[in-house]
Structures are given as C-alpha cells and as structure tokens.
Ligand SMILES: [Zn+2]
C-alpha cells in the first residue's frame, strides 16, 4: 500500500488529498500544526489550523490570506482523504494532524509536549497505524522536572533578585513559552513586563480567551523600569543588548529544555537556567509513541537517529523521516544556538527550541553527560 504521506520538495505531502503539512515552500493548501516560524511559513494560498490557534496564526502570518479552522476532533475531507486536528499540548492552538484514507491512519505530531500547560489544551494521544513524531529531546538525559517545581524555583529567584534590588529578566520564546511562564509565576511577587514581541502574542492569547496575569509593555527610554522589583519576560535575542539598560541592574536567566545540559548553561554565561520546555522529554516521547498503538514510527527533528534506534529496540518499525529537519545537528534554516534568537520586534524569524549550535555541549549531551 502506498504511503499516505511522503516528503516532497515543499515538505510533507499527501498525494491522495493534495495538501501539505507544515510546508517550507509556498503551496496551494497548507495544513499547519502550530504557528512557530519553522512550521507556519507565509506565502501559501490557503491555510488550515486548529480553531484555538487562529488568532496566533493571524498575528504571525499577517495580511488577509485565508485561514480555515477545525475544532479539535472535527474532520474535513480533501479529495476523499479525511483530515482532523487533535491537541498537541505544545503552544496555543498546536495540533497533531490525523490523516485517514484507504483504511490507513497516519498521525503527524508536529511539536508536542505531555507536561501540563495552563495556556493550551493538553496533548491527546490518537490511535494510528503510522505515527510521525518529533524527537527534539529524544535522548534519555532529557527528563523534565514537574512544572510546579520550576515555577517555585523561578518565584524564589525573582524574590531573591528583588531583595538585592535587581530586575529579573527571564529569556523565553515569544510564542508559547513566554505566556506559559507568565501563567506559572506568582504575580503577587511584583510587576510583570513583556518585550514587544512577547506582548504581541500576549494580546493574541488573551483575545483567544487564555487567562494571563497583568503584563505591561516596557516603555521606551524609561529609567529603572520596575524599580528593581519586576519580572521581565523577553526573547533570548535581548541578552547582552542595549534593550536591557532601561531596567538598571538585572539578573538574567533562560527557561529552556537545553538548560538540562551543563555545558550549554555555562556557555550562555547566565547564573541561572530553568529547565522548562514546550517539547516532550524522553519519557514523554516514549509514552506518546506507545499510546498511539502505531507499529510504524517515523522520527524527525533533533535526536532522530538515536530515537529511531531506541524504538526499533522495542520492536517497532522505526525510521528517520528524511526531511530537511532530520539529524542530530541543525539543518533548519532558522536553527542554531537557542540564544541566537533573531526575533525582531515584529515577532518573526523566531528560533524555537531547535538544536543548539554549541557543538561541544551537544556532543557531551550525546555522550550521556549527566546534568
Ligand atoms: Zn514549535
């Protein structure tokens, strides 16, 4: 039986239904798993995404290009191929794409996490014959602490910085992580400020019905914003930039799954790193694969070779999916060091949690360095 989804020049393609999933080139019809820049590219004629993510998609794509939506679990058909979208738990509106045709069911996970997140619907396993999974953190060293543990650590760090009169600057991706952090921390500790790129998405989240604590934009050319008491959430690109000067003395930390790796933490030069990811950790990936009941698994992103080998060891038919995202090292054109986030004020060109470019640190992670 022919494969329901194949890799084409423009990305993952369904020949029977004539549509693409997260294409990297302009195509007539794009089904989008979520609005991060490496999955939702502009230039397509027509988009389909999960209804809760429509406003976030619109804020990323801009303009008036048609964005069709499906509620989670609702289905539509393209040329007799049934397509439905199911929560991926990654960011607001993130979806797994279920494709059914000729008695076969394939599910494309997109990016996903199994940990709880107050700002989006939780990951829902979908039974299928073939599961295409990401493996950004597909090595056994990646095991996330409980989010409430991380929230308590961040609150304690914020309070300690306040006691020293320092503004706490927390670096996080503008779409998803920033809003999740705002919803996790204790807003009674002090004021929360957001970088312009963060605020654009905060507005899209609020307009989509997500409850967030009060967050203020950072006024330009102000002095000692927050009086050393505030928590500022900003994209990693502001690290070391003049933008931080308005806060006076600062303490800077990053929230990322890569903070697991000591070498990466050290190289960033931050005193503090919080292990918080919007991707599944290794046990999360394994449990997600198991819950699908799929006999065949195609692995993409990050540690795909290692993770596919691990799954074969468990008796599954598992291979690396040969997309431009494949491999242990980044070959995504916006990949690289997670702190090298070229996010502009418009929120574009965001580097999400792609594989960092710290060769040595990643090598040590691959050799099993225990954090
Ligand atoms: Zn993503």
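Summary table
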| read-out | value |
| --- | --- |
| Inter-centroid distance (Cα atoms) of region 162-193 relative to region 3-55, Å | 33 |
| Range of Cα positions in region 147-274 per principal axis (Å), largest first | 39, 32, 26 |
| Proxy reagent accessibility, fewest Cβ within 10 Å first, across 85, 170 | 170, 85 |
| Rough spin-label spacing in nm, given labels placed 7 Å along Cα→Cβ, for residue 319 and residue 249 | 6.0 |
| Two-site FRET efficiency, residue 241 against residue 6, from Cβ-Cβ distance with R₀ of 30 Å, rounded to 0.05 | 0.10 |
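Throughout, read-outs are computed from the coordinates displayed, never taken from laboratory work. Values in this document were obtained by computation on a predicted structure and should not be read as measured data. A quick note on method: Cβ atoms are made from the backbone with ideal geometry, for glycine too, and the neighbour counts reach across all protein chains shown.
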